1. Taking amide H atoms as placed 1.01 Å from N in the peptide plane, list the residues 5 or more away in sequence, or in a different chain, whose amide H sits under 5 Å from that of LEU112.
2. Just want the ordering: ARG29, ARG62, from fewest to most Cβ atoms lying within 10 Å of their own Cβ.
3. In what sequence do LEU37, LEU64, LEU82 fall when counting other Cβ within 10 Å, fewest first?
4. Hey, with R₀ at 35 Å, roughly what FRET efficiency would ASP114 and VAL27 work out to, going by the Cβ-Cβ distance, to 0.05?
5. Looking only at Cα atoms, what is the convex hull volume of the range 38-112 per residue, in Å³?
6. Which of the chymotrypsin sites (Phe, Trp or Tyr not before Pro) found in the range 31-76 are loop residues per DSSP with 16 or fewer other Cβ atoms within 10 Å of their Cβ?
7. Report ³J(HN,Hα) in whole Hz for each residue of the range 42-48, in order, from the Karplus equation J = 6.51 cos²θ - 1.76 cosθ + 1.60 where θ = phi - 60°; Gly and Pro get x.
8. From the phi angles alone, apply the Karplus equation (6.51, -1.76, 1.60; θ = phi - 60°) to the range 52-68 and give each ³J(HN,Hα) in whole Hz, x where the residue is Gly or Pro.
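Read-outs: derived from the displayed coordinates by stated rules, not from any lab. Note that this is a predicted model, so its numbers are computed, not measured. Please note: Cβ atoms are built from the backbone with ideal geometry, for glycine as well, and neighbour counts cover all protein chains shown.
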Amino acid sequence: MTIYRYFASPRSRFEGFRRVSRETIPVPRPKSDFDDLRSLAFRDPEAVLEPDAMYTIYEVGRLLQGVDPDRELDVETENVILDWTIPWMMKHSDAFVFAEPESEDDPGYYGLADS
């Protein structure tokens, strides 16, 4: 099983994802080991997407993470992004509309629902 961990990097969010073996995953640590504990916060869909545009799930994920939608990403990074995007979209499902894919091999499109 391949496991990816996020290691904070000041350069780029995605330069921080690295493959690790199961043996290198640390055991839980006490909170007192950390100097900077922050709340986990997600942006609202209206802060991520343009109101008059439709996006593939891949583009939504990239925008959610602050990555240019046209940037080429490796498959492993794309999968990690999707792991974060799908639950976020489900949590905010009332804020979205979708359009069927143009063909069976194409992704669908998602956009903001009219408010």
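1. The list, which skips near neighbours in sequence, is ALA53, VAL97.
2. Numbers: ARG29 8, ARG62 23.
Ascending number of Cβ neighbours within 10 Å: ARG29, ARG62.
3. Exposure proxy ranking, most exposed first: LEU37, LEU82, LEU64.
4. Values: r = 49 Å, r/R0 = 1.39.
Here the calculated transfer efficiency is 0.10.
5. Working: hull volume 8.3 nm³, N = 75.
Cα convex hull per residue, to the nearest whole number: 111 Å³.
6. Details: sites: PHE34, PHE42, TYR55, TYR58; in loops: PHE34, PHE42.
For chymotrypsin sites (Phe, Trp or Tyr not before Pro) across the range 31-76 that sit outside H, G, I, E and B with at most 16 neighbouring Cβ atoms in 10 Å, the list reads PHE34, PHE42.
7. Along the range 42-48, the couplings run 10, 7, 6, x, 5, 7, 9 Hz.
8. So the Karplus estimates, Gly and Pro as x, are 9, 10, 10, 10, 6, 4, 5, 5, 4, x, 5, 5, 4, 8, x, 9, 4 Hz.
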